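The values are calculated or read from the model by the stated rules, or taken from the named source; none is laboratory data. For clarity, every value in this text was computed on a predicted model and none was experimentally measured. Here the Cβ positions follow ideal geometry from the backbone for every residue, glycine too, while neighbour counts run over all protein chains shown. Calculation scope for accessible area: heavy atoms of the full protein, side chains included, ligands and nucleic acids excluded. Shrake-Rupley method; radii C 1.70, N 1.55, O 1.52, S 1.80 Å.
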Amino acid sequence: DSAAACCTYCAKQLGCQAWTYNPSESQNKVCHLKSASSSPVQGQCVSGSLAPPQPDPKKPNILFLMCDSMDGRVLDPTSPVFEALEMPNLRKLAGMGVNFINTYAASPQCVPSRTTMFSGRRIDHTHSFSNEQGFAGVPSRPDDLDANCVKLYDNVTCQRWRKDQNLTATLVDSLRSLNYEAHLYGKVDVGAGILSDWDEANATVNGFHSGPSLGICTRTADIRKPTKPDPIAITNDNDNNVHPEDWKMIPKCMNSWKENLPKDGSKLSSGFENWMLYCSINIPHPAFQTNATWLSYVNEERVTLPKWLQEDEFHPADSYMSISKHVWRNFSNEEILRVRKTYYAMCAETDYLLGRVLKALNDTGHFDNTYIIFLSDHGEMNMEHRQVWKNSMYEASSRVPLMISGPGVPSGGLVKNLTSLLDIYPTLMEMAGGTPPDFLDGHSLFPFIHPGASTTSKYPADRAVTSQYHSNMGNTGSFMLRYGNWKYITFGTTLAAFKNYQPQLFDLEADPDELHDIASKNPHVVQQLDQKLRSFIDYPEVDKLAVLNDKMVYKKYFQNKYTSTQLRKKFESAYQGFDDGDWNKIQVWSKEAV
């Protein structure tokens, strides 16, 4: 109720660096909290600001390297997958720091995974359910909506999502509050207004992709028809112009230091004392494209044929995913190996591109005072379990690479503890000299990269890690718990079609390929792990919320927008071979109460 109280409140809020107090806004006293990048509030205001954090010249900078769709096992020296290819740059980086070989995406798809990483919160908290639903709000400008959300949907839907998501800060906001200038280059894909941010002209991919998608919002109708091209149709191992967007982005990452770093060690031109460079590329995301240059890094004799179950042995959630991905047919061994070798060659190309950024950092003279973190948003099935793309809770999809090096970080560290991409936010907060806020769902990895150092962070010795998925090619919600050697997977049963879906249980030490579901033989283990999963996530309720969200999108942007004839044509475009039986299933599904 006063300017002084407003300033005091700002001082206690993560990311708040300024405030404006309006004693007569709408006949109410209003306190606006603002980050450093916020535009001024218009009107008669009594304004003030907090002093920014005092610079510490010894604080390290941060280089955040990221790729898309890299199976974490290619950088796990204990995995046979490691032997399938050479990755000299990233493996050298792993030897210089700590390699976290059991790291999992909190949701194995681009937007859901990246939003959890940028917010430090699980999908059941962020409600960023799919690739078409990033963050609708803009934390640094609380009255604004993400422009791409509004463009692709509308103000009403985006306002609704902003309220449900309740995003108060992103990783970028928090780093800025700690006096780090954050430069984002390449794929971000979270929304939150980042693409229109005053300082992020090189950030790409909007977090909402192309907006409302039939393949996503009608996934729970259980239409068992392909929604993707045949993997062989998107595989080219003789492409001499591979991934041009990444080859253009990497030089921009490298040149950013020339443009922004002072030569005399003084402050950055922006006034910030430290920097965080985020350099993110699309590769090795499908389509599968490579050439002889990168295939030469693949150890062909080490690329194996994955074992597939018989069709009648598949869990119905897995068979749906395989059908949707257009892999539910007979492939020759040659076809399977061609896809697999091409993917590994793309991983080798990724290694080369990111190696160029590492060399450029070394040339600046800042290498020794820079934390370097490398990770991927999710993995790639690469024909395992009769699948490509990601979306699955199997290891190839949900497990990701993660390594950290930098000043004081022990070299050659190999951490087998279970870790999560949810841990990135709190870890970077500690790197920047801050304290991770209580609302984060992950744990700081500082105890591993600075063992014995004084830190407020404690890492749970027997930690469990969760993941969840609510998007296309998954006909119902899937929820995973990793604990010890166990992987427990259960499914949403909100709709009638999935009431009889049974959970899966794998012992990854005895069965690393996840071919033997032992849930029926271990009912007590299933019960214990289900209780532990529910202690983190009320998964029946989350599945219900995701289904309701899908049905809202379908009704508003498809059912109420098009005639029956127009809508039928859209379904025929979304699902290959869509027929009268599928159309009838849609009618029943659209009327089923939740």
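Any idea which of Tyr483, Tyr488, Tyr501 is open to solvent by 20 Å² or more (accessible area, probe 1.4 Å), touching a helix residue (DSSP H, G or I) at 6+ places or on another chain (Cβ under 7 Å) and under 24 Å from Thr126 (Cα atoms)?
Every option except Tyr483 fails the conditions.
Specify which of the listed residues (Leu375, Leu414) is aliphatic (A, V, I, L, M), open to solvent by 10 Å² or more (accessible area, probe 1.4 Å) and not in a loop (DSSP other than H, G, I, E, B).
Leu414
Out of all the residues in the range 182-225, which are touching a residue at least 12 places away in the same chain (Cβ under 8 Å), surrounded by fewer than 18 Cβ atoms within 10 Å (Cβ to Cβ) and small (Gly, Ala, Ser)?
Ser196, Ser210, Gly211
So if I check each of Thr115, Thr157, which one is modelled with pLDDT of 95 or more and within 29 Å of Met254 (Cα to Cα)?
Selected residue: Thr115, the only one of Thr115, Thr157 that is modelled with pLDDT of 95 or more and within 29 Å of Met254 (Cα to Cα).
Residue under question is Thr304, and the condition is that it be under 26 Å from the mean Cα position of the chain (by Cα) and touching a residue at least 40 places away in the same chain (Cβ under 8 Å); does it hold?
no
Determine if the range 448-457 includes at least one residue that is modelled with pLDDT of 95 or more, in contact with a Phe, Trp or Tyr (Cβ under 8 Å, 6 or more places away or on another chain) and open to solvent by 10 Å² or more (accessible area, probe 1.4 Å).
yes
Scan the range 396-411 for residues that are open to solvent by less than 10 Å² (accessible area, probe 1.4 Å) and closer than 30 Å to Ile232 by Cβ and jot them down.
Ala396, Ser397, Ser398, Val400, Pro401, listed by residue number.
So how many residues does the range 156-170 have that are under 18 Å from Leu195 (Cα atoms) and either among the hydroxyl-bearing types (Ser, Thr, Tyr) or touching a strand residue (DSSP E or B) at 6+ places or on another chain (Cβ under 9 Å) (or both)?
Qualifying residue count for the region: 5.
Considering every residue within the range 63-70, establish whether at least one is under 22 Å from Lys487 (Cβ atoms), buried (at least 24 other Cβ atoms within 10 Å of the Cβ) and either touching a residue at least 60 places away in the same chain (Cβ under 8 Å) or not aliphatic (A, V, I, L, M) (or both).
yes
Just the residues that are in a strand (DSSP E or B) and of a type outside the set (Val, Ile, Thr), please, taken from the range 170-214.
Within the range 170-214, Tyr180, Glu181, Ala182, His183, Leu184, Tyr185, Gly186, Lys187, Gly191, Ala203 qualify.
Filter the range 140-169 down to residues that are assigned to a loop (DSSP other than H, G, I, E, B), open to solvent by less than 50 Å² (accessible area, probe 1.4 Å) and among the hydroxyl-bearing types (Ser, Thr, Tyr) and give me whichever is nearest to Trp257 (Cα to Cα).
In this case the residue turns out to be Ser140.
Which one of Ala36, Ala106, Ala94, Ala51 is modelled with pLDDT of 95 or more and in a loop (DSSP other than H, G, I, E, B)?
Ala106
For the range 426-445, which residues satisfy the criterion of being open to solvent by less than 30 Å² (accessible area, probe 1.4 Å) and over 20 Å from Asn179 (Cα atoms)?
Leu440, Gly442, Leu445
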